[in-house]
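As structure tokens, the structure follows; a few thoughts come after it.
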Amino acid sequence: MNLIFLLIVSIAFVVAALRQIAWDPGGPEEVAPMDLLGQSIIQSASGAVELAIGLVGVMALFLGLMKVAEAGGLLVVIAKTVRPLMVRLFPEVPPDHPAMGAMILNISANALGLGNAATPFGIRAMQELDRLNPVKGTATNAMVLFLAINTSSVTLLPTGVIALRAAAGSGDPAGIVPTTLFATICSTTIAIIAAKLLQRFFPVEPAASRDETGPPFQQQEEGTAESEAPIPEASKVALGSEASSGYPMWISALVLCGIAALVPLTILYGRDIAPWIIPGLVVGLLGFGAIKRVRIYESFVEGAKEGFQVALRIIPYLVAILVAVGMFRASGALEAIIGPLGRVTGLVGLPPEALPMALLRPLSGSGAFGILASVIEDPSIGPDSYTGYLVSTLQGSTETTFYVLAVYFGAVQVRRFRHALAAGLTADLAGVAAAVLICGVLYGALTAVG
């Protein structure tokens, strides 16, 4: 991200400087390119803080609800539901091996949007998978498939994006739940297929002796992930015991078929369902906690405190990326680069305003989040336009592929990724295509293209 940030700012400055040198004022009210760049820097920084402050309340609400659900054992319920499927997807991993439980809980946490729980589970899973690895330093088929599923961003409830849309003034913040569900099912399916098909073209070869210091990124990335994402106490119990058993296969099949059946329902009735989602979540999750005899008020407050801290912690990241994106746009560099390509992608429902999001999402999570914020905060676009729905769906249904590979493989010093990157990028491409398709069906691409 350091290089991306520096390049964006530098290119913006150079382009604005060249325009300033060649500038011929057409009138007294015309703003000089460098003046426009300076104004954009100040406005973007102020807007980032205002957005983050508006995000505090909504983020506290959703993380409070998620804490109630987690305390009630919803994470374990999902884990036990997907276990029969996981056993078949990973035949080389013993069913009772700790790696299986860690993978299941990682995917379950991602499905609920609990990023703070998903990261340490993922690292734990990779460490346990490495114990089964006969060729240290080279990714096994199980490692690659697990990473491919992660990069496909299995998401049933994109709470963070819903919160951001609400803070941006959306009249339908949960309208992306149907689109995200469709896109994430498509991307995850393609990720699994790609990983299984590509593994035959990337055979395992003996690796050279590993450097015990690990890759350059390991110390920073792994430390960051573990320090910012501690495993919740309730989930530690699940990791050691309850996640090791699953429901009968017919129950899991019934639940999975029910989720799959939601896809046509979201296409047909997505607009009608969306207004019910947020009230339904509040009542449903609190009701679930009450049934499980959770002290829902205390749990909600504890989760809300975490939401408050998260919203404040992202202010520096929002300021950095929104200032960089604002400079890039104000300098004219964004229009020069994205304009020609965007006119082509716009023909298939990917407008120029959403193109930077699609390109940056696999590279940088904070960068993509900043672009999402800048798009939906733009008065000419807004969160409830086709482009607003599209970039929100992209954020919720795709993942930062390069970061995931760096963190998880770095945790076990794997240097030979084999087909992991190809499978991850294939899943990203599928997620983008599925997001364009479903947003076009539900919210209409004609307004953005025409």
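Summary of computed values
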| item | result |
| --- | --- |
| Failed item in (1) more than 20 Å from residue 191 (Cα to Cα); (2) in contact (Cβ under 8 Å) with a residue 40 or more places away in the chain, with residue 85 passing the rest | (1) |
| Pairs, first acidic (Asp, Glu) in the stretch 307-333, second part of a helix (DSSP H, G or I) and buried (at least 24 other Cβ atoms within 10 Å of the Cβ), C-beta under 6 Å, six or more apart | none |
| Given (1) out of contact with any Cys (no Cβ under 8 Å at 6 or more places or on another chain); (2) open to solvent by 10 Å² or more (accessible area, probe 1.4 Å); (3) within 27 Å of residue 51 (Cβ to Cβ), index of the condition residue 389 fails | (1) |
| Residues of the stretch 326-357 that turn out to be farther than 17 Å from residue 381 by Cα and in a loop (DSSP other than H, G, I, E, B), as a count | 1 |
| Test: residue in the stretch 402-425 that is part of a helix (DSSP H, G or I), over 30 Å from residue 134 (Cα atoms) and not hydrophobic (A, V, I, L, M, F, W, C) | no |
| Hits in the stretch 396-423 - residues which are over 16 Å from the mean Cα position of the chain (by Cα), open to solvent by 10 Å² or more (accessible area, probe 1.4 Å) and of a type outside the set (A, V, I, L, M) | 413, 415, 416, 417, 418 |
| Qualifying residue in the stretch 292-310 (condition: surrounded by 13 or more Cβ atoms within 10 Å (Cβ to Cβ) and at pLDDT below 75) | yes |
| Hey, residue 66 in contact (Cβ under 8 Å) with a residue 12 or more places away in the chain, open to solvent by less than 10 Å² (accessible area, probe 1.4 Å) and under 24 Å from residue 249 (Cα atoms) or not | no |
| Residues (among the aliphatic types (A, V, I, L, M) and assigned to a helix (DSSP H, G or I)) located in the stretch 358-401 | 358, 359, 360, 368, 371, 372, 373, 375, 376, 390, 391, 394 |
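The values are calculated or read from the model by the stated rules, or taken from the named source; none is laboratory data. Because the structure is predicted, anything quoted here is derived from the model rather than measured. Heads up, the Cβs are rebuilt from the backbone with ideal geometry, glycines too, and the neighbour counts pull from every protein chain shown. To get the accessible areas, we keep the full protein, side chains included, count just its heavy atoms, and leave off ligands, DNA and RNA. Shrake-Rupley method; radii C 1.70, N 1.55, O 1.52, S 1.80 Å.
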